Amino acid sequence: MATLAVHNEFNVYESADARFEAAARKLGLEDGLYRFLKYPNKEITVYIPVVLDTARLEVFIGYRVHHSIVRGPGKGGIRFAPTVTLDEVRALASWMTWKCAVVNIPFGGAKGGVVCDPGKLSHGEQTMAWIMDTYSMHVRHTETAVVTGKPIDLGGSRGRQEATGRGVLINCDRALAKFRMLRVNTRVIVQGFGNVGSMAAMLMYDAGYKIVGVADIHGALYNERGFDIPKLMDWVIGQSKPLPDFPEGGAKMSANEILFQPAELIIPAAIENQITSENAHRLQARILCEGANGPTTALADEILDRKGIFVIPDILANAGGVTVSYFEWVQDRQGFFWSEKEVNDRLREVIEHSFEEVIRYAETHHVNNRVAAYMLAIDRVAFALRERGIYA
Ligand code: NAD
């Protein structure tokens, strides 16, 4: 078997698969278990007829992939994008399996995707309320726990919106504690200023980190003095202005170039395939915390290893969101809702514990953090498969 079975470095399915292969090999996973976990449980393609505001009927293609429901119901959001493919949804579904297992919450992994341009359609958390309502009509009672990310008044959880960014902050805090670094001396670059990036930047700014680099789809800014993130939030999110035009300025550059500027901590929180075999050698940071899914290609991992960069892999770094989704499900099933402090305290407990488990696993098995996270996750799913008697 080749070291890494990657033909196209930028294919997310191949990237996800290469990580699974590497961890499965290290674990010495039995052949049957390996095959069971490598492939999804099921996939469906649907054609969704929708009458648009213009009265034209459009048919959208949608995919749903269940990778594994061995540890619990298949958790996984719906990606709305013109570029969605079945392969991508497959990769994201398996990531969800490993992500839920690495933070040890009782969910399996799934994902959905609809090929459409969300910029041209109505959108928002109300979509989740519609899904909940449609499902409830079928079962003839209100079933709020069927989807997460709902508005708070309809069974949503406090703290869900910031959860992924907060999980990033908690992971970074643990890494700083490990290296005895101080927040005030830690320069941070955040690529992406959407849900994950803006929340991470805001929470880290409040916590005392110095945010010296920021980027969105329009480009990036670098400023050694640090950015006033509340003002930047107002500019980008409040006023919908392009990030690089922020009047308090800094050096302008491309959204990819920002990742290679001087900083102790880099947080890619935008899209896939940003750190590759072509550019990984240029990273200057001590710590890479992957807010996005798959920002680093499988071929870049080796280069980061050689450079001794401490990687907090995506399935751990951005697991704050799925953890609070789990809390939403728990609250819906209890019919008892927690305060924001309770949500945040429980999130901290889960992420800190998972971080320590991954780091300890990496140290005791002499593997990098990413391989450790995958090994831990695969081992947990394989254990559940045996315990349930699905695999003897
Ligand atoms: P989002 O759509 O809210 O924001 C994406 C941000 O990235 C925007 O600021 C956009 O301008 C920017 N961007 C897009 N293309 C870019 C490019 N080429 N270069 C630089 N910036 C670019 O998305 P999000 O919810 O913040 O998700 C970001 C990433 O985190 C995705 O990979 C997503 O899968 C992952 N993730 C999100 C959550 C969550 O709870 N939202 C949870 C886990 C993982």
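Summary of computed values
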item: Long-range HN-HN contacts of His218 with modeled amide H, under 5 Å; result: Leu243
item: Gyration tensor verdict on the chain (Cα atoms; rounded if a/c is under 1.5, prolate if a/b is larger than b/c, oblate otherwise); result: rounded
item: Charge dipole (the chain, unit charges on Cβ, about Cα centre) - positive-most of Leu259, Met137, Phe193; result: Met137
item: Highest-fluctuation residue, Ala24, Ala270, Ala55 considered, GNM on the chain with Cα pairs under 10 Å; result: Ala55
item: Within the range 44-98: Cβ-based charge dipole about Cα centre, in debye rounded to nearest 20 (Lys, Arg +1; Asp, Glu -1); result: 260 debye
item: Asp153 - accessible surface, heavy atoms, 1.4 Å probe, Å² rounded to 10; result: 150 Å²
item: Proximal aspartates and glutamates to Lys111, defined as alpha-carbon separation beneath 13 angstrom and excluding residues fewer than eight positions away on the same chain; result: Glu43, Asp87, Glu88
item: Ellipsoid equivalent to the range 260-303 - semi-axes via the Cα gyration tensor, in Å; result: 15, 13, 8
item: Mean Cα-pair separation over length for the chain, i.e. relative contact order, pairs under 8 Å, 6 or more apart, %; result: 17 percent
item: Label point distance in nm, Ala207-Arg140, each placed 7 Å from Cα along Cα→Cβ; result: 4.9 nm
item: Gain in span if fully extended, Asp234 to Glu349, counting 0.36 nm per residue against the direct Cα distance; result: 38.3 nm
item: Convex hull of the range 292-391 built on C-alpha atoms - directionally averaged projected area, nm²; result: 8.5 nm²
item: Relative packing of 214-224, 89-99, which averages over residues the other C-beta atoms within 10 Å, highest first; result: 89-99, 214-224
item: Karplus (6.51, -1.76, 1.60) ³J(HN,Hα), θ = phi - 60°, over the range 43-52, in Hz, Gly and Pro reported as x; result: 9, 10, 10, 10, 10, 9, x, 9, 8, 7
item: Principal axis dimensions, the range 308-366 - Cα atoms, whole angstrom, descending; result: 46, 19, 17
item: R0 of 22 Å, Cβ-Cβ distance Glu248-Ile271: FRET efficiency to nearest 0.05; result: 0.30
item: Where only alpha carbons of the range 12-140 are counted, the Rg and the Dmax (Å); result: 16.8, 57
item: The chain, dipole about Cα centre (Lys/Arg Cβ +1, Asp/Glu Cβ -1), debye to the nearest 20; result: 560 debye
item: ³J(HN,Hα), Karplus 6.51/-1.76/1.60, whole Hz, each residue of the range 242-252, x for Gly, Pro; result: x, 3, x, 8, 3, x, 6, x, x, 6, 8
item: Cα centroid separation, the range 71-134 to the range 255-324 (Å); result: 22 Å
item: Residue-wise HN-Hα coupling along the range 340-352, computed from phi with Karplus coefficients 6.51, -1.76, 1.60 (Hz; x: Gly, Pro); result: 4, 5, 4, 4, 5, 5, 5, 4, 4, 4, 5, 5, 4
item: The range 86-159 - Kirkwood radius from inverse mean 1/r over Cα pairs (Å); result: 14.2 Å
item: The range 339-392 and the range 161-237: distance between their alpha carbon centers, rounded to Å; result: 25 Å
item: Length-normalised contact order of the range 248-383 in % [C-alpha pairs under 8 Å, at least 6 apart]; result: 18 percent
item: Cβ-Cβ FRET estimate between Ala81 and Met181, R0 fixed at 41 Å, reported to 0.05; result: 0.65
item: Cβ-placed point charges (K, R +1; D, E -1), dipole of the range 274-321 about Cα centre in debye, nearest 20; result: 220 debye
item: Listed pairs Lys99/Lys241; Lys99/Lys307; Lys150/Lys178 exceeding 30 Å between Cα atoms; result: Lys99/Lys241; Lys150/Lys178
item: Amide H within-cut-off set for Thr296, under 5 Å, with H built and near neighbours excluded; result: Asn273, Gln274, Ile275
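The values are calculated or read from the model by the stated rules, or taken from the named source; none is laboratory data. Here the structure is a predicted model, which is why all the values come from computation and not from measurement. Cβ: placed from backbone, ideal geometry, glycine included. Neighbour counts: every protein chain shown. Accessible surface is based on the protein model in full, side chains and every heavy atom, while ligands, DNA and RNA are left aside. Shrake-Rupley method; radii C 1.70, N 1.55, O 1.52, S 1.80 Å.
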